[in-house]
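The structure appears below as structure tokens.
The values are calculated or read from the model by the stated rules, or taken from the named source; none is laboratory data. Model, not experiment: these values are computed from the prediction. Cβ coordinates were reconstructed from backbone atoms using ideal geometry, including for glycine residues, and neighbour counts include every protein chain displayed. Quick note on the areas: whole protein, heavy atoms, side chains included, nothing else; ligands and nucleic acids left out. Shrake-Rupley method; radii C 1.70, N 1.55, O 1.52, S 1.80 Å.
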Amino acid sequence: ISAAKFWRGKILIATGKTLQSYDPALESTMEVKLPLKLEHPITAIEGDASDLWLGTAGGGLIRIPQTGGAPHVFGEQDGFPTPAISALRLSQGRLYIGFGFQRNGAFGWLDVVTGKFTGLMAETSVNKTWSDAVKSPPEVPVDSIATLDGKDFWVATEIGLQHLDLGSKKWSLATPVELADLRGMGDNCLAV
């Protein structure tokens, strides 16, 4: 299982390139027929009343409208830093996206109405200190994203649990870690 999501009364379960739907009332599982053939494994799932969103490990972000329209694939042509999606979270008309490939990552959001992507990317610097790294957007894979109000975000990454105040776009480390070199990694936070 690479991703799971409770959606529309069922639990969606991603296993590789396959999406399963588990109905708790019937205690049964069935394969979800997707409107396109996936070439990369599903790594993240999000959904609302109108769309199902699937993040993949190299095929970008797939929007599947529930009205029966054609799916849309978002990727580097839309401004994404990489087509490897590792986390998704819908909040107040935006789909927040965590990216992750090998030891690299990023964070941003997609306006679900306009389809415009906004990235909060870290400035690259080989000599960046640990202190500077945790005060900037993640440049390591994002494993999980949570928010209650669409203003404060908690982002689980390889360097720990990071907090984003979206209004000021200020990042901080929410978990105590030793001051260490970024490449040496601190506390790995897998979920929030």
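Of note:
- Selection within segment 136-183: residues that are of a type in the set (Gly, Ala, Ser), outside any loop (DSSP other than H, G, I, E, B) and at pLDDT 85 or above. The member of this set that is nearest to Phe99 (Cα to Cα) is Ser144.
- Among the residues of segment 36-59, the ones that are among the hydroxyl-bearing types (Ser, Thr, Tyr) and surrounded by 14 or more Cβ atoms within 10 Å (Cβ to Cβ) come to 2 in all.
- Those residues of segment 17-36 which are closer than 18 Å to Pro83 by Cβ and either modelled with pLDDT under 95 or among the hydrophobic types (A, V, I, L, M, F, W, C) (or both), in sequence order: Leu34, Leu36
- Residue list for segment 1-35, filter: open to solvent by 70 Å² or more (accessible area, probe 1.4 Å) and of a type outside the set (Phe, Trp, Tyr): Ile1, Arg8, Lys10, Lys17, Ala25, Leu26, Glu27, Thr29, Met30, Glu31, Lys33, Pro35
- Test: Phe74 is surrounded by 21 or more Cβ atoms within 10 Å (Cβ to Cβ) and not aliphatic (A, V, I, L, M): yes
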